[in-house]
Amino acid sequence: METKASNSDPIEKFRASFHHSDELMHFNNAGVAPTSLPAFEAVKNWNQWFYENGFHGIGQASEAYENVRSGLAGILGAKAQEVAFFQSAAAAISQVAFGLKLNPGDEIVVWDQEYPSNYHPWRLACERTGAKLVVAQSGENFSTPQSSLEAVLTPKTRVIAFSWVQYRTGAITDLVAVTRIARSRNILTCADIIQGAGLLPFDFSQSGLDFACGGSHKWFVSPVSSGYLIAKQDKLELLTPLLVGAMTYGGPDSVNEAPQPLAAAASRFEAGSKAFLEVLALGASLKLLEDVGIVRISQEVEWLSKRLMHGLREIGYAIHSPHGIHHRGSIVNFTPTSHSRFKSVNEIAVQFNQAKISFSLRPPGVRLSPHAFNTSTEIDSLLSVLS
Ligand SMILES: Cc1ncc(COP(=O)(O)O)c(C=O)c1O
């Protein structure tokens, strides 16, 4: 299959929206992706705005911030009232894990290959409440099949807290299959969607999820340090706000003495002043993704990722990402074999560092994660470093 990129292809617009240099190849986009040009410009422009306007700039910035909330909701198939911004995905996940009222004996199910930010909040919430953390075992080649999750469900299961796309291997958990079984057993679902959102089409309203959490700095190509929670409207009341301030209630002009109801929307979780610059930058990147189209981005990434896997196999490396329906998107995890030129992941790391190729060491091997701004020429260069 050949890539469809041509001058009129929106992918060219996407590529043109990033800084390119012969010195550095970005193959760790599942770690921290480079910031898009529109996001970079947004930080510059809004920074100037606050420099010049201070408090008098707040109204316009607040309006723009709310537009980002609506934009994020739109791109992820949610309602604006269901979206709350946080400082990180970890903070959003913590709001769910510690905000739910767990009881002794409740069981929380996670996968055995979760990123620590989708493990420790649940582990600690269990420790504090007497609930039990149940770890589902991955299947063949790190796949995350529905059957392995189902095997650990019991009448005590309260929450399935899983990553949609696993950070090490790119293994996909079928959202709709999991939420269907969860709903039939009265189990809540909370998905960490950071490794899929912006890269693969996602629709919160169709997913059946109760909660979804993610962040800015991977497939949303925005500055590090914005996270978000999407809470289904009828599940909002299940979460006690962890951080509390003026914005939890009536806002900065409300009077302290009077009892105030919680803000009606998920914005109740944003206790105080907003992280304007980060969120407005995220908004600029979301607009870019929308213009280019997530379907087109996912096609391009899929193509680059398959090409990478194929090339690595050809030169003797072993791939540790699942096959077929269990893997979509970008992430490729590989290790050396007796047939490859380099015999250890550390040797590979040295080569990549010398060649200025960004990557990550993630068990069981080396993780590469192309974005749609990468090119097949870059993949060929990367392969030539290893062959
Ligand atoms: C699955 C997953 N969840 C969460 C995170 C971290 O997000 P944050 O640093 O915003 O908490 C990562 C980052 O590597 C991740 O891969």
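Mind checking the range 1-87 for GluC sites (Glu not before Pro) that DSSP puts in a loop (not H, G, I, E or B) and that have at most 13 other Cβ atoms within 10 Å?
On the way: sites: GLU2, GLU12, GLU23, GLU41, GLU52, GLU63, GLU66, GLU82; in loops: GLU2, GLU23.
Listed in order of number, the matching sites are GLU2, GLU23.
Only helices at least 20 Å long along their axis, Cα-based, and averaging 0.5 or more on Kyte-Doolittle count here, so list those DSSP H runs from the chain.
Helices meeting the span and hydropathy rule in the chain are 276-292.
State the antiparallel share, in %, of DSSP beta bridges confined to the chain, rounding to the nearest 5.
For the chain, the DSSP antiparallel bridge percentage is about 50.
What does the charge count near VAL109 come to, summing +1 for each Lys or Arg and -1 for each Asp or Glu among other residues with Cβ under 13 Å from its Cβ? Display every interim value, and only then the final one.
Details: positive: ARG123, LYS132, LYS156, ARG158, ARG185; negative: ASP106, GLU107, ASP112, GLU114, GLU150.
Net charge around VAL109: 0.
So what's the gap between the Cα centers of the range 250-280 and the range 353-376, to the nearest angstrom?
40 Å
Longer than 26 Å from Cα to Cα, which of LYS218/LYS356; LYS13/LYS274; LYS274/LYS356 are they? Say none if no pair is.
Values: LYS218/LYS356 19 Å; LYS13/LYS274 31 Å; LYS274/LYS356 36 Å.
Flagged as over cut-off: LYS13/LYS274; LYS274/LYS356.
Tally Lys and Arg at +1 and Asp and Glu at -1 over the other residues with C-beta under 12 Å from the C-beta of ALA231: what net charge comes out? All intermediate terms of the calculation are to be shown ahead of the outcome.
Values: positive: LYS79, LYS232, LYS235, ARG268; negative: GLU82, ASP210, ASP234, GLU237.
Charge balance near ALA231 sits at 0.
Considering Cα pairs under 8 angstrom that are at least six residues apart, work out the relative contact order of the range 234-385 and quote it in whole percent. Walk me through the intermediate numbers first.
Numbers: 166 pairs, mean separation 27.0, N = 152.
That works out to 18 percent.
Excluding GLY311 itself, calculate the net charge of residues whose Cβ lies under 14 Å from the Cβ of GLY311, where each Lys or Arg counts +1 and each Asp or Glu counts -1.
Details: positive: LYS306, ARG307, ARG313, ARG341; negative: GLU314, GLU378, ASP380.
Its environment carries a net charge of +1.
Sequence gap at least 6, Cα distance under 8 Å: using those rules, report the relative contact order of the chain to the nearest whole percent.
For the chain, the relative contact order is 24 percent.
Can you sort ARG367, ARG180 from fewest to most other Cβ atoms within 10 Å of each residue's own Cβ?
Details: ARG367 25, ARG180 13.
Ranked by crowding around the Cβ, least crowded first: ARG180, ARG367.
Based on alpha-carbon centroids, what's the gap between the range 72-91 and the range 131-176 in Å, whole number please?
23 Å
Given Cβ point charges of +1 (Lys, Arg) and -1 (Asp, Glu) and nothing else, what value in debye, to the nearest 20, does the dipole of the range 280-356 about its Cα centre take? Please list the in-between numbers first.
Numbers: 9 positive and 6 negative charges, 40 e Å.
That gives a dipole near 200 debye.
Neighbour counts of other C-beta atoms within 10 Å: give me LEU236, LEU209 arranged from fewest to most. Numbers along the way, then the final one.
On the way: LEU236 18, LEU209 27.
With the sparsest Cβ surroundings first, the list reads LEU236, LEU209.
Taking the number of other C-beta atoms within 10 Å as the exposure measure, put LYS235, LYS13 in order starting with the fewest.
Lowest count first: LYS13, LYS235.
Each reported figure results from applying straightforward, stated rules to the coordinates on display, with no laboratory input. All figures in this text were calculated on a predicted structure; none of them were measured in a lab. Cβ: placed from backbone, ideal geometry, glycine included. Neighbour counts: every protein chain shown.
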